[in-house]
Every structure is written in C-alpha cells, then in structure tokens.
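**Q** Mind having a look at this structure? Questions to follow.
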Amino acid sequence: MTKLECSVTNCLHNSDHRCCKQAIIVDGHEARTQEETCCGSFDENKEGAFQNVFKTPENRLEIDCEAVQCNYNENRHCAAEHIGISGDGASRAEQTLCATFKMR
Ligand code: SF4
C-alpha cells in the first residue's frame, strides 16, 4: 500500500490533501514523462458543492497504474512507498499528473 499526497483539492475524493478512495488508478500507458500520466480516479467537485464528511481520508491506498514505463511500476501496480498527485484546479483527469513518475 502506498502513501499518497494529493494537491488536487477540487477533487470530490480529496480531504486534507489525502484521498478518501481505498484504491485509485493512474493512467498513461504510453507515458514517458509525468505530464503524460494522470489520476484516472479524479472526479471534479463542481463549485465545492460536496463536502466529504462521510469518509475518512486514507493514509495508504492501493494504486493500480497503467504507466508501465515507470520505475515504480510492478505488473501495473505502484510499488512506490510514497507518491504525489498534482493538478489543483483541474476540471478533467488529464489535467492531473503523478509527480512521482520516473522513467525506467
Ligand atoms: S509512481 Fe509510477 S507506478 Fe506509481 S503511480 Fe506514479 S506513475 Fe504509477
């Protein structure tokens, strides 16, 4: 399980820079740079209408990852100890990225 810090505070699942989902997917099968990855689990919290009072943010979560050329990718699963997702203000998943991606 990976520790995740996320700066995409306008995501529905974000609470206190942590994710309230138990598992996420990072996309970017052909990715060779961080910008070519994205958080496929992103959902825009339009106008901040939704407050995540029902869920507690996860300290560690499962990360399935399509960025197979990343140094931390093991069989489409993230083996990094800690990752950062960025892209605050995003309105689409493609405007987020995995800031820990490192080409093999
Ligand atoms: S660090 Fe690499 S393997 Fe882990 S989520 Fe980011 S791109 Fe995927």
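**Q** Given a 1.4 angstrom probe, I'd like the percentage of the accessible area of the chain that is carbon and sulfur, rounded to a whole number. Walk me through the numbers before you get to the answer.
**A** Values: 2820 of 6010 Å².
On the chain, the fraction of accessible area on carbon and sulfur atoms equals 47 percent.
**Q** Could you give each residue of region 66-83 its phi-based ³J(HN,Hα) in whole Hz, using Karplus coefficients 6.51, -1.76, 1.60 with θ = phi - 60°, and x for Gly or Pro?
**A** 8, 7, 5, 8, 7, 4, 9, 7, 10, 6, 6, 9, 7, 9, 6, 5, 8, 10
**Q** Suppose we keep just the DSSP beta bridges with both residues in the chain; what percent of those would be antiparallel, to 5?
**A** 60
**Q** Net charge near residue 32: determine it from the other residues with C-beta under 15 Å of the C-beta of residue 32, scoring Lys and Arg +1 and Asp and Glu -1.
**A** Once positives and negatives cancel, what remains is -3.
**Q** Also, I was wondering about something else. For Cα pairs less than 8 Å apart in space and 6+ apart in sequence, what is the mean separation divided by the residue count of the chain, i.e. the relative contact order in percent? Present the calculation step by step, with values, prior to reporting the outcome.
**A** On the way: 261 pairs, mean separation 39.5, N = 104.
After rounding, I find 38 percent.
**Q** Please compute the net charge surrounding residue 81, taking Lys and Arg as +1 and Asp and Glu as -1 over other residues with Cβ under 11 Å from its Cβ.
**A** +2
**Q** Let me ask something additional. When the dipole is taken about the Cα centre of the chain, and only Lys, Arg (+1) and Asp, Glu (-1) are charged at their Cβ, what size is it in debye, to the nearest 20? If you can, show how the numbers build up before the last one.
**A** Details: 11 positive and 17 negative charges, 44 e Å.
Around 220 debye, computed over the chain.
**Q** Sticking with this structure for a sec: Taking amide hydrogens as modeled 1.01 Å from N in the peptide plane, which residues meet the under 5 Å criterion relative to residue 65, leaving out close sequence neighbours?
**A** It is 26, 77, 78, by chain and number.
**Q** Quick one: Karplus J couplings for region 11-27, per residue in order, coefficients 6.51, -1.76, 1.60, θ = phi - 60°, nearest Hz, x for Gly and Pro?
**A** In residue order, the calculated couplings are 8, 4, 9, 8, 9, 6, 6, 10, 9, 8, 8, 7, 8, 10, 10, 9, 9 Hz.
**Q** Using amide H atoms built in the peptide plane, which far-off residues or other-chain residues are under 5 Å from residue 11 H to H?
**A** 45
**Q** Okay, next question. Taking each pair of distinct Cα atoms in the chain once, what is the resulting Kirkwood hydrodynamic radius in Å?
**A** It works out to 13.4 Å.
**Q** Among residues other than residue 7 whose Cβ falls under 13 Å from its Cβ, what is the net charge (Lys/Arg +1, Asp/Glu -1)?
**A** For residues surrounding residue 7, the net value is -2.
**Q** Using amide H atoms built in the peptide plane, which far-off residues or other-chain residues are under 5 Å from residue 18 H to H?
**A** Here 6 satisfy the definition.
**Q** Any chance you could tell me what percent of the C-alpha pair distances in region 4-50 go past 15 Å?
**A** On the way: 496 of 1081 pairs.
Counting pairs separated by more than 15 Å, the tail of P(r) holds 46 percent.
**Q** Just the accessible area per residue of the chain, please: how many Å² with a 1.4 Å probe?
**A** Result: 58 Å² per residue.
The values are calculated or read from the model by the stated rules, or taken from the named source; none is laboratory data. Just so we're clear, the structure is a prediction, and the values are computed from it rather than from any experiment. For neighbour counting, all protein chains shown are included, and Cβ atoms are generated from backbone atoms with ideal geometry for every residue, glycine included. Quick note on the areas: whole protein, heavy atoms, side chains included, nothing else; ligands and nucleic acids left out. Shrake-Rupley method; radii C 1.70, N 1.55, O 1.52, S 1.80 Å.
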